[in-house]
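Bear in mind these aren't lab numbers, they're just calculated from the coordinates by the rules spelled out. Just so it is clear, the structure is predicted and the values come from calculations on it, not from any experiment. Positions of Cβ are backbone-derived with ideal geometry, glycine not excepted, and every protein chain shown enters the neighbour counts.
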Amino acid sequence: MDFMSVGTSEILMILLVALLVVGPTRVVEVGRTLGKVMRAIRKASFDLTSAVSKELETENSDKQKTADPGKQGQSPQGKGS
């Protein structure tokens, strides 16, 4: 099992330390809260990446639209001048 480049022994060590620090009654609650936080962070990261990608695509398409009319307006005779 390899979760985010962390092996099984590392995960077990983290769980053991969490059990000692938090106590057996709150480990499940803390785990659930951490899961919700991780889900929210992943969603925010995905949303940000999607928004940036969409904006870059829009910007690139706008640049291509403004650059194309200038290229179409050139005549073959203007190349030698």
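Site pair LEU16 and VAL28 shows an inter-label distance of 2.4 nm when each label is modelled 7 Å from Cα along Cα→Cβ. Summarising the label geometry, the points placed 7 Å from Cα in the beta-carbon direction at VAL37 and SER61 lie 3.9 nm from one another.
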